[in-house]
Amino acid sequence: MTLFAPAALLPQGWARDVRIECDATGRIASVTAQATAQPSDERVSGWLVPGMANLHSHAFQRAMAGLAEFRGHPTDDFWTWREEMYRLVRLLEPEDIEAITAHLYVEMLKHGYTTVAEFHYLHNDRDGKPYADRAELANAVVSGASASGIALTLLPVLYAHGGFGHKVLSPAQRRFHNTPAGLIAMLRDLAEWHLPSPLLRFGIAPHSARAVDALLLTEMVGLATELDPTMPIHMHVSEQVGEVAECVATHGTTPLAWIADLVPLDSRWTLIHSTHLTNLEMRLAAKARACVGLCPMTEANLGDGIFDFVPWFELGAPWGIGGDSHVSVSPFEELRALEYSQRLRLRVRVVASEEDRPDVAANLWSAAAAGGAQAVGQPMGAIAPGRRADLVVLDGDDVDFEGLDAPACLGVAMFSGNSNRVLDVFVGGRIVVEEGRHPDEQETREAFRGALARLRKAP
């Protein structure tokens with residue numbers, strides 16, 4: 001397949017008349033700017049940007065998006081929000097998870113995500129007991145991804161304690177329980193069933209400093225490294241002020257400092273949220289080339305706080321975006337929220353820019369795509385030879401794009417209104433969204449509707 005676009009966002013910036021040749025494996029073989037279209041080329045009718053990775057997803061939470069917006073406590077915060085989430089956890093069956101996941105992933109594709117890292121911590125049945133097939137719910141996620149056509153990095157979560165100090169798991173949290181050896185056995189089973197696949201990767205996710213202890217963390221990272229030395233490792237870090245304070249009270253130090261003292265940080269690591277990192281921790285993480293996983297819409301929804309983005313941006317350290325609780329399914333909205341939160345915090349405009357890189361939208365999209373690719377451990381995130389042909393076409397006929405060139409159009413798509421300007425989406429060189437539609441969106445929507453009907457009737 002060969003695509004020809006009037007403009008494309010390449011690693012070095014925007015280029016005109018771009019010809020992209022893809023091989024039979026779905027990888028990009030060559031990229032030529034200022035090219036001449038050939039009769040056999042497939043012309044795209046808009047501006048081309050690299051597909052985006054959603055580096056942090058709790059797919060099942062799509063079923064409760066927007067339902068925790070009533071005051072439930074005089075100091076309502078993340079910890080009271082969790083109660084609504086746990087209510088949902090107690091109800092979910094495997095078929096619900098598959099239906100919710102497939103519908104969500106179709107939504108993601110339609111908005112420009114082409115790969116997702118699923119932070120998967122539901123392992124056991126509704127009574128907290130292991131399924132006969134220990135990968136029952138993981139397989140439901142893989143099936144949902146396969147039905148949608150999105151690329152998936154599945155991250156089974158290690159969750160052993162209900163809080164700092166080895167607190168006992170609550171009844172809802174028993175669905176999360178697993179052991180390092182159990183997760184590795186699960187990964188081996190999943191690999192035997194599903195690999196090789198060009199759109200599937202596995203990693204691990206020690207949940208947080210409050211849910212694992214020192215022995216479990218070191219064991220989990222050691223076993224994962226033995227299984228695959230390049231395996232992605234994701235972990236929640238310093239999301240909440242209360243979490244940081246409890247960690248200091250329990251361990252005498254902050255979450256990231258505690259982690260770094262136990263296991264080596266490197267580019268395999270993605271530090272989810274990182275909202276309250278200290279300056280010293282930022283330098284430590286940047287030196288290790290660990291990726292920071294920002295979820296601006298969820299972090300705003302939960303009142304987490306605002307990540308100190310400017311120092312990280314100036315260091316050129318890797319970062320990406322995630323949908324987390326899926327109050328938004330759009331990378332454009334996540335990036336807008338990131339930039340706007342920084343503007344409000346600093347009371348300035350055009351934060352993600354430098355003198356030699358003035359284009360905020362291009363800077364945000366390119367950096368998030370590249371950092372997201374690192375986080376998911378998949379060869380996407382840029383329109384370049386050797387990368388998978390994950391491509392997003394912005395609708396060249398959108399009325400708001402009238403008379404504008406490609407850089408301005410990306411800025412309009414990111415910072416103007418709530419319209420979805422994505423026209424076509426390719427994953428691995430195969431079109432999965434065409435003229436704004438996914439071929440299975442009606443089927444996945446009805447399955448999602450059925451799951452919601454059952455879950456919302458429950459007491």
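Would you pull out the residues with amide H under 5 Å of Arg201's amide H, same chain only if 5 or more places away, H placed 1.01 Å from N?
Leu152, Thr153, Leu154
Can you compute the charge dipole magnitude of the chain about its Cα centre, using +1 on each Lys and Arg Cβ and -1 on each Asp and Glu Cβ, nothing else charged? Give it in debye, rounded to the nearest 20. Please list the in-between numbers first.
Values: 39 positive and 58 negative charges, 142 e Å.
So the dipole magnitude of the chain works out to roughly 680 debye.
Could you derive backbone 3J(HN,Hα) for region 48-64 from the dihedral phi with the Karplus parameters 6.51, -1.76 and 1.60 (θ = phi - 60°), listing whole Hz in sequence and x where the residue is Gly or Pro?
9, 10, x, x, 9, 9, 8, 8, 8, 10, 10, 4, 4, 6, 4, 6, 10
Can you give me the % of accessible surface on region 373-432 that is carbon or sulfur? Probe 1.4 Å, all protein chains present, nothing else counted. Could you put the intermediate results ahead of the total?
Details: 960 of 2070 Å².
Solvent-exposed carbon and sulfur of region 373-432 make up 46 percent of the total.
Of all DSSP beta bridges in the chain, what percent run antiparallel (nearest 5)? Don't jump to the answer; show the numbers that get you there.
Numbers: 28 of 60 bridges.
So the antiparallel bridges in the chain amount to around 45 percent.
To test your reading of the geometry: what angle, between 0 and 90 degrees and rounded to tens, separates the Cα axis of helix 441-457 from the longest principal axis of the chain?
Once rounded, one gets 20 degrees.
Per residue of region 406-418, in order, report the coupling 6.51 cos²θ - 1.76 cosθ + 1.60 (Karplus, θ = phi - 60°) as ³J(HN,Hα) in whole Hz, putting x for Gly and Pro.
For region 406-418, the Karplus curve yields 4, x, 5, 5, 5, x, 5, 4, 7, 10, 10, x, 10 Hz.
Among 151-162, 443-454, how do they line up from the highest to the lowest mean number of other beta-carbon atoms within 10 Å? All intermediate terms of the calculation are to be shown ahead of the outcome.
On the way: 151-162: 24.8, 443-454: 16.2.
Going by the mean number of other Cβ atoms within 10 Å, highest first, we get 151-162, 443-454.
Where the eigenvalues come from the Cα gyration tensor of region 236-316, what are the semi-axes √(5λ) of the equivalent ellipsoid, largest first, in whole Å? Provide the component values of the computation, followed by the final result.
On the way: eigenvalues 64, 61, 22 Å².
For region 236-316, the semi-axes come out at 18, 18, 10 Å.
With N set to the residue count of region 173-248, report its C-alpha Rg divided by 2.2 N^0.38 Å to two decimal places. Intermediate results must be reported in sequence, preceding the final value.
Numbers: Rg = 14.2 Å, N = 76, 2.2 N^0.38 = 11.4 Å.
Expressed relative to 2.2 N^0.38 Å, the Cα Rg reads 1.24.
What accessible area per residue, rounded to a whole number of Å², is obtained for the chain using a probe radius of 1.4 Å? Don't skip to the end; give the middle numbers.
Numbers: 18210 Å² over 459 residues.
Accessible area per residue, the chain: 40 Å².
Roughly how much of Tyr340 is accessible, in Å² to the nearest 10, using a 1.4 Å probe?
Ignoring ligands and nucleic acids, Tyr340 comes out at about 90 Å².
Roughly how many Å is it from the Cα centre of region 209-270 to that of region 138-189, as a whole number?
16
If you take the alpha carbon radius of gyration of the chain and divide it by 2.2 N^0.38 Å, what ratio comes out, to two decimals?
On the way: Rg = 21.3 Å, N = 459, 2.2 N^0.38 = 22.6 Å.
Here the Cα radius of gyration is 0.94 times the empirical estimate.
Considering only region 27-155, what is the antiparallel percent among its DSSP beta bridges, to the nearest 5?
Bridges in region 27-155 that DSSP calls antiparallel: roughly 10 percent.
Output wanted: per-residue J couplings in Hz (rounded whole) for region 105-110, from phi through Karplus 6.51 cos²θ - 1.76 cosθ + 1.60, θ = phi - 60°, x for Gly and Pro.
Calculated HN-Hα couplings, in order: 5, 5, 4, 4, 4, 5 Hz.
Which listed residue (Gly371, His438, Pro50) has the Cα farthest towards the positive end of the charge dipole for the chain, taking +1 on Lys and Arg C-beta and -1 on Asp and Glu C-beta about the Cα centre?
Gly371
By a straight-distance test (C-alpha under 18 Å), which aspartates and glutamates pair with Lys287 as possible cross-link partners, with residues fewer than eight away in the same chain excluded?
Asp261, Asp266, Asp308, Glu314
The values are calculated or read from the model by the stated rules, or taken from the named source; none is laboratory data. All of these numbers come straight from a predicted model, not from anything done at the bench. Cβ: placed from backbone, ideal geometry, glycine included. Neighbour counts: every protein chain shown. Calculation scope for accessible area: heavy atoms of the full protein, side chains included, ligands and nucleic acids excluded. Shrake-Rupley method; radii C 1.70, N 1.55, O 1.52, S 1.80 Å.
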